[in-house]
1. At 0.36 nm per residue, minus the direct Cα-Cα distance, what do residue 40 and residue 138 gain on full extension? Give it in nm, one decimal, please.
2. Evaluate the relative contact order of the chain (contact order divided by residue number), counting alpha-carbon pairs under 8 angstrom at least 6 apart; express in whole percent.
3. Going toward the positive end of the dipole of the chain, with +1 on Lys and Arg Cβ and -1 on Asp and Glu Cβ, which of 63, 152, 83 do you reach last?
4. Which parts of segment 39-72 would a label at residue 23 reach, counting a residue when its backbone N lies under 19 Å from a point 7 Å out along Cα-to-Cβ?
5. Stretched out fully, how many nm does the piece from residue 47 to residue 154 gain, at 0.36 nm a residue minus the Cα gap?
6. Between beta-carbons, use under 15 Å as the cut-off and find the net charge around residue 49, counting Lys and Arg +1, Asp and Glu -1.
7. In percent, what relative contact order does segment 32-73 have, based on Cα pairs under 8 Å that are 6 or more apart in sequence?
8. Could you work out how much longer the chain between residue 115 and residue 63 gets when fully extended? Use 0.36 nm per residue separation minus the Cα distance between them, nm to one decimal.
Amino acid sequence: MNNPSSNLQIRMAGPTDLPSLLMLYSDLIGEDEPASHDLAEGTYRQILDNPGLCIFLGTRAGQAVTTCLLITVPNLTRGCRPFAIIENVVTLEAFRGKGFGETIVRAAVDAAFKRRCYKIMLMSGVKNKAAHRFYRRIGFSQGKVGFELRAPGYPPRTIS
């Protein structure tokens with residue numbers, strides 16, 4: 001049986017990948033708050049310059065199809081082992097269910113454990129049952145309760 005995700009090339013996003021990432025993120029959050037091109041470029045430079053952040057980018061036949069952000073946080077507990085956060089996991093809708101998301105998340109997990117992280121955290125919308133099944137299937141458990149606090153005046157959202 002041919003595994004489509006075996007054709008996925010995974011690499012760290014680089015300086016020329018911002019348009020591809022913005023396209024992927026628009027598939028994740030269609031109603032996302034807009035940012036100017038200059039602000040997006042400046043923020044992207046900050047991400048690329050931060051050694052604790054890396055964006056994994058999965059391409060197939062040259063097209064960006066999946067991505068996730070890995071944040072590694074230094075820590076003074078657990079023998080000074082860092083912890084990691086995975087955020088902004090997205091696969092283009094047309095490529096979902098083919099193993100691309102799992103492949104990109106597993107790459108981030110491997111990188112976190114190579115950095116000696118003692119745990120990896122991620123959050124998913126409370127109503128997104130498909131994502132919950134996805135994360136459980138690849139080894140994540142719901143061992144803690146997540147909380148968030150949105151900035152005052154930030155556009156209200158429904159819980160998802």
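Nothing in this text is a laboratory measurement; each read-out follows from the coordinates by a stated rule. These figures come from a predicted structure and were not determined experimentally. Please note: Cβ atoms are built from the backbone with ideal geometry, for glycine as well, and neighbour counts cover all protein chains shown.
1. Values: separation 98, 0.36 × 98 = 35.28 nm, distance 3.15 nm.
Taking residue 40 through residue 138 to full extension adds about 32.1 nm, to one decimal.
2. Details: 206 pairs, mean separation 33.4, N = 160.
Reported as a whole number, the value is 21 percent.
3. So the residue we want is 83.
4. Zone members listed by number: 40-41, 44, 55-69.
5. Numbers: separation 107, 0.36 × 107 = 38.52 nm, distance 2.22 nm.
Once the chain is fully extended between residue 47 and residue 154, it gains 36.3 nm.
6. Working: positive: 45; negative: 17, 41.
Around residue 49, the charge tally is -1.
7. Working: 33 pairs, mean separation 12.3, N = 42.
Answer for segment 32-73 is 29 percent.
8. Working: separation 52, 0.36 × 52 = 18.72 nm, distance 2.87 nm.
Computed gain between residue 115 and residue 63 is 15.9 nm.
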